[in-house]
1. Scan segment 42-55 and report the pairs whose first residue is touching a residue at least 12 places away in the same chain (Cβ under 8 Å) and whose second residue is surrounded by fewer than 17 Cβ atoms within 10 Å (Cβ to Cβ), with Cβ atoms within less than 7 Å and a gap of 6+ or a chain change.
2. Looking at this structure, is SER309 in contact (Cβ under 8 Å) with a residue 40 or more places away in the chain, touching a Lys or Arg at 6+ places or on another chain (Cβ under 8 Å) and open to solvent by less than 50 Å² (accessible area, probe 1.4 Å)?
3. From ALA257, ALA219, ALA184, which residue is out of contact with any Asp or Glu (no Cβ under 7 Å at 6 or more places or on another chain), at pLDDT 95 or above and open to solvent by 40 Å² or more (accessible area, probe 1.4 Å)?
4. Would you check which residues across segment 127-177 are under 25 Å from GLY283 (Cα atoms), touching a strand residue (DSSP E or B) at 6+ places or on another chain (Cβ under 9 Å), modelled with pLDDT of 90 or more and not aliphatic (A, V, I, L, M) and list them?
5. Checking LEU113 against (1) out of contact with any helix residue (DSSP H, G or I) (no Cβ under 7 Å at 6 or more places or on another chain); (2) open to solvent by less than 10 Å² (accessible area, probe 1.4 Å), which test does it fail?
Amino acid sequence: MTRSTDFTCSLPRAAFLLTSLVLGLLLSACGSDSGFGISSGQALVLAQADSLESARTDGYPLQVVAFTSIIADVAASVGGEHVDLTVLIPRGSDPHTYQPTSGDLQALYQADLILLNGFDLEAEHYSILIPVSKQVPVISLSEGLAARSLEEGSGDSVHNGGLDPHVWFDPAYVVRWVDRIELAFARLDPGNSVSYGENAERYQAELTALDDWIEDQVALIPPVQRTLVLDHLVFGYFADRYGFEVISALVPGFSSAAEPSPRELAALSEAIQADGVPAIFIGVHANPSLASGLASDLGVAVVELYTGSLGPEGGAADTYLKMMQYNVLTIKQALSPD
């Protein structure tokens, strides 16, 4: 079951959380060497799945917090009825601009396990994650996987010179996520390890089928038309796997919170005109004003895709598999409508 963070905790735990929050604010006010309100010398403590010890012998579901709705959906596919999932960032919210609530803090401290994307997607929230990680196991699903890099001077103040965190746009990376999630669940809840293994195997087969289906759909787009112009650099892993070229982006970085300079906008306009690109792709939950203005000037379309969050429950993109299918069909229609 997946739920939001709308529950309360016991009085002693609440008092502890309040104390932690006050200390965090004090640290932030006093200044630090980082941009996240973290005092010098602190670091996020990451756990390895194979080092976890049993956390549930009472028959109750594992309490797991997933940072995004995408991670939560993958974890739910592995955990099934044996895991009670809390999504930290609600559907429809941008991970780059999300602001945690007191309820989120409660969920984090009461969890048996916290699942992060990694590659600094959560960097802006390290000030709350660091103290939590000293008490609750935190696993970075992308830790150790091959990462794309962002060059210095990109204009992205959060991930400048760092790693591209949007690995979920390559299903092969999500297959690796499933391995790590299954192992973590089995170590924390060995009594249900067989169920986790069966769920993981079934879901990985679906991911492999999704990968094959995407290749078939992309093959219908002439290679010369496989060019993406984006609102920010989110489809790098997708482009690498399926043979697309990303010629530019409205935001020259990985964070949707960054802003382009006039020179960058001018360069993008020239690239769109030179390549005859028919569409600018933006996130469903992004502010469309910049893309719409540029598209109107150039006579191209603005096309929305799901990027950092799943769509509403019951909609066309309410699971990871459906989100990827929706995006691929939308891209194909925009680039090769015939």
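1. Qualifying pairs under 7 Å: VAL45/LYS134; LEU46/GLU143; SER54/PRO190.
2. Numbers: in contact (Cβ under 8 Å) with a residue 40 or more places away in the chain: yes; touching a Lys or Arg at 6+ places or on another chain (Cβ under 8 Å): yes; open to solvent by less than 50 Å² (accessible area, probe 1.4 Å): yes.
Considered against the rule, which asks whether it is in contact (Cβ under 8 Å) with a residue 40 or more places away in the chain, touching a Lys or Arg at 6+ places or on another chain (Cβ under 8 Å) and open to solvent by less than 50 Å² (accessible area, probe 1.4 Å), SER309 comes out as yes.
3. On the way: ALA257 fails: at pLDDT 95 or above; ALA184 fails: open to solvent by 40 Å² or more (accessible area, probe 1.4 Å).
That would be ALA219, the only listed residue that is out of contact with any Asp or Glu (no Cβ under 7 Å at 6 or more places or on another chain), at pLDDT 95 or above and open to solvent by 40 Å² or more (accessible area, probe 1.4 Å).
4. The answer is SER140, SER142, ARG148, ASP164, TRP177.
5. Status for LEU113: all satisfied but (1).
The values are calculated or read from the model by the stated rules, or taken from the named source; none is laboratory data. A quick note: this is a predicted structure, and the numbers were derived from the prediction, not measured. Every residue, glycine as well, gets a Cβ built from its backbone with ideal geometry; the counts of neighbours run over all protein chains shown. Surface accessibility is based on the protein's heavy atoms, side chains included, excluding ligands, DNA and RNA. Shrake-Rupley method; radii C 1.70, N 1.55, O 1.52, S 1.80 Å.
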